[in-house]
Amino acid sequence: MATQDEIKFLSNPNIGQKKTKYCRFKRFGLKYIDYKDDAFLIQFVNDQGKLLPRRLTGNSLKYQRRVATAVKRARHLAILPYVTDLLK
Amino acid sequence: MRHLEVSFIVDPVLSGDEVKSTVQTYKDMLTNEGASIVHIAEMGLRQLAYPINNRSTGVYFCIEFSSPNPTFIPKLELALKRDERIMRFLTVSLDKYGVKYNEDKRNGKIGKRQRKEKQVESPVVSEPYVRPVQHAAPAAPAAAPEIVIPEEE
């Protein structure tokens with residue numbers, strides 16, 4: 001009888017599994033989102049500089065709203081672009 | 001007591017002394033209005049994400065202050081708007097977490113550690129995966145654990 005370690009799969013069994021999304025602000029206890037920190041905010045926008053939806057980032061509604069505010073403030077101060085291509 | 005923060009972009013064409021005097025005028029204005037200045041952060045000359053007034057760079061400043069009765073903000077914003085040396089400005093009120101964040105950042109608790117981790121991780125990630133060749137058999141186990149590390153995050 002083959003033990004669990006000896007079983008080999010032809011295809012990767014992890015493919016197709018759902019990766020659980022989580023709100024990073026809640027999990028890591030981040031309470032404030034700095035609008036001057038462009039390296040952090042760039043995680044929440046796509047290549048064109050548009051805000052990513054909650055569906056993709058996994059943020060809770062409360063922090064998604066704050067992210068949106070911070071990104072909009074950063075855009076006003078020319079820290080992030082309003083429209084662009086190939087941001088990342 | 002309310003905590004506020006005003007950040008603005010100064011024209012990069014001005015000389016160093018002129019930039020300093022610009023900041024000094026607003027610092028004096030705030031202290032005259034009864035606000036106590038917590039910190040003045042100079043973020044230096046930065047590339048703008050899009051051109052403003054045909055300039056592609058700007059000198060960023062951020063003045064954090066607290067005031068018991070901030071009724072002078074419209075006055076301050078009008079002065080900033082009329083000032084030709086200022087390209088953009090933004091006044092923001094800070095909650096208690098914002099105040100704590102700025103304090104931690106000043107003490108070096110925020111930012112540096114994150115960047116260090118990224119710098120350590122990035123060369124590991126960017127290393128191309130060496131395909132195990134039959135002749136170079138010892139090279140393959142050396143490359144394999146390095147690839148595993150980013151998956152554990």
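The values are calculated or read from the model by the stated rules, or taken from the named source; none is laboratory data. Source: prediction; values computed, not measured. Neighbour counts run over all protein chains shown; Cβ positions are idealised from the backbone, glycine included. Please note that ligands, DNA and RNA were not included when accessible areas were found on the heavy atoms of the full protein model with its side chains. Shrake-Rupley method; radii C 1.70, N 1.55, O 1.52, S 1.80 Å.
For the range B:62-97, the tally of residues that are of a type outside the set (S, T, N, Q), over 13 Å from B:MET29 (Cα atoms), assigned to a strand (DSSP E or B) and away from chain A (no Cβ under 11 Å) stands at 2. When the range B:67-84 is filtered for residues that are surrounded by 16 or more Cβ atoms within 10 Å (Cβ to Cβ) and more than 17 Å from B:LEU4 (Cα to Cα), only B:ASP83 remains.
Within the range A:48-88, the set of residues being open to solvent by 80 Å² or more (accessible area, probe 1.4 Å) and either away from chain B (no Cβ under 12 Å) or of a type in the set (S, T, N, Q) (or both) comprises A:GLN48, A:LYS50, A:ARG54, A:ARG55, A:LEU56, A:LEU61, A:LYS62, A:ARG65, A:ASP85, A:LEU86, A:LYS88. Selection within the range B:1-45: residues that are more than 14 Å from chain A (Cβ to nearest Cβ) and among the hydroxyl-bearing types (Ser, Thr, Tyr). The member of this set that is surrounded by the most Cβ atoms within 10 Å (Cβ to Cβ) is B:TYR26.
Given the condition surrounded by 11 or more Cβ atoms within 10 Å (Cβ to Cβ), modelled with pLDDT of 90 or more and touching an Asp or Glu at 6+ places or on another chain (Cβ under 6 Å), answer yes or no: does some residue in the range B:119-127 qualify? Within the range B:119-127, not a single residue is surrounded by 11 or more Cβ atoms within 10 Å (Cβ to Cβ), modelled with pLDDT of 90 or more and touching an Asp or Glu at 6+ places or on another chain (Cβ under 6 Å).
Checked against (1) over 13 Å from B:HIS3 (Cβ atoms); (2) over 15 Å from the mean Cα position of the chain (by Cα); (3) of a type outside the set (Lys, Arg), B:ASP95 passes all but a single condition, namely (1).
Scanning the range B:57-114 for residues that are acidic (Asp, Glu) and over 20 Å from B:PRO12 (Cβ atoms) yields B:GLU64, B:GLU77, B:ASP95, B:GLU103, B:ASP104. For the range A:30-59, the tally of residues that are outside any loop (DSSP other than H, G, I, E, B) and touching a helix residue (DSSP H, G or I) at 6+ places or on another chain (Cβ under 9 Å) stands at 10. What's the total number of residues in the range A:7-29 that are modelled with pLDDT of 90 or more, in a loop (DSSP other than H, G, I, E, B) and open to solvent by less than 80 Å² (accessible area, probe 1.4 Å)? Of the residues in the range A:7-29, 1 are modelled with pLDDT of 90 or more, in a loop (DSSP other than H, G, I, E, B) and open to solvent by less than 80 Å² (accessible area, probe 1.4 Å). One residue stands out in the range B:47-61 among those that are small (Gly, Ala, Ser) and either loosely packed, with under 14 Cβ neighbours inside 10 Å or touching a residue at least 40 places away in the same chain (Cβ under 8 Å) (or both): the one that is nearest to the other protein chains (Cβ to nearest Cβ), namely B:GLY58.
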